[in-house]
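K.L.:
Please see the structure below; I have some questions.
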Amino acid sequence: MKIVSVINYKGGVGKTTLTANLGAYSASQGKRVLMIDLDPQTQLTFSFMSPEYWRDKYKDTKTMKNYFDPIIKGADEILSLSDIVIHLNPGNVISFNDGKLDLISSHLGLIDIDIRLAGLINVSNTTMHSATFLKTYSYLKHSLEELENKYDLVLIDCPPTFNAAVKNAILASGYYIVPAKLDYLSTLGVEELRKNVDEFLDEYHNHRDNLRDSRYLPVFLTMLGVVPMMAEIRKGDEPVSAQQEYKAELMSKGYHIFQFVRNNATLFGPSSKEGVPAVLTRPKIFTPTARKIVGELQNLGVEFLESIKL
């Protein structure tokens, strides 16, 4: 089972668009996919169902808040992720054949998860601090291990921050991928994100060495690269020259750059309330630009699956 976190400090860079389309494409290729919405804004969830439907059917029983609440309250047993999975069939657009697309939804109540989880680590004794650090940030990792035989791919849509939920995602993952706009601030942000991920992993391994608890294994996390989102296409089929410059700068620093995603990739075809990611739409009924968008998203999906050898 391959676990990939989709991370960026900045909001509005297309994290949710990327997660939804990678998940849907992978399922269409016969992969068993689970998407986890960790962002309190719940946009990934609402990409597949209306807020009204979610409130009526899932809000109180099947969300990541239901998962984290027992942890924060110190319950002896925590909820199995299997108990909060939602099975999707986006718009009945295609058959997934042997694949499937499942979701664990988010909840606005996750907005204060960092403060509540941080309270579990706030102890002065060095050994106890290491023990609570490892336990608090490894919950998701250990819970996902129980799903090893149920899924081929898990995609975690992280909030635009570096809080306790994101740290849980990092330790649970084998890979992470960064959606970003090709501009000055995003270029800086990619460097800062990688630095913080590396520092957090160093901290984890230091606590692991201090505690010497066999339940906490070394974590090896691979950065897959950067996906240029909201690319501006004016002439031809390549991003404008200014964005090409930022792409070149990222490449010079050793980052792999994936297939770009156009800035209007979600503005055609079925709307999000119909629960159909753009990559699943039938391009033959759309404009030439729409067909190009679907083709580019499919190419991105191929490249992504190849990058994780799935």
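Only the coordinates and a few stated rules stand behind these numbers; no lab work does. Remember, predicted model here, so these are calculated numbers, not experimental data. Methodologically, a virtual Cβ is constructed for each residue, glycine included, from the backbone with ideal geometry; neighbour enumeration extends over all protein chains shown.
K.L.:
In deg cm²/dmol, rounded to 500, what helix-only [θ] at 222 nm does the chain give when every DSSP H run of at least 4 residues adds -39500 (n - 2.57) and the total is split over its residues?
P.N.:
-12500 deg cm²/dmol
K.L.:
Let me ask something additional. Please list, or write none, the aspartates and glutamates whose alpha carbon is within less than 17 Å of the alpha carbon of residue 57, excluding same-chain residues fewer than 8 places away.
P.N.:
Leaving aside aspartates and glutamates fewer than 8 places away in the same chain, those within reach of residue 57 are 37, 83, 102, 274.
K.L.:
Which lysines does residue 135 reach when only Cα atoms under 19 Å apart count, and residues fewer than 8 places away in its own chain are ignored?
P.N.:
The reachable lysines, counting only those whose Cα sits under 19 Å from residue 135, are 65, 73, 167.
K.L.:
Next up: Sequence gap at least 6, Cα distance under 8 Å: using those rules, report the relative contact order of the chain to the nearest whole percent.
P.N.:
On the way: 548 pairs, mean separation 85.1, N = 310.
In percent, rounded to a whole number, it is 27.
K.L.:
Let me know the whole percent of all Cα-Cα pairs from the stretch 62-183 that are separated by more than 17 Å.
P.N.:
The calculated P(r) of the stretch 62-183 puts 63 percent of pairs beyond 17 Å.
K.L.:
Loop-only GluC sites (Glu not before Pro) in the stretch 143-172, please: DSSP not H, G, I, E or B, and at most 13 other Cβ atoms within 10 Å.
P.N.:
146, 148
K.L.:
Also: Give the Cα extents of the stretch 2-307 along the principal axes, in whole Å, largest first.
P.N.:
63, 46, 31 Å, listed from the longest principal axis down.
K.L.:
Measure nothing but the geometry: give the 0 to 90° angle between the long axis through the Cα atoms of 126-137 and the longest principal axis through the Cα atoms of the chain, rounded to 10°.
P.N.:
30 degrees
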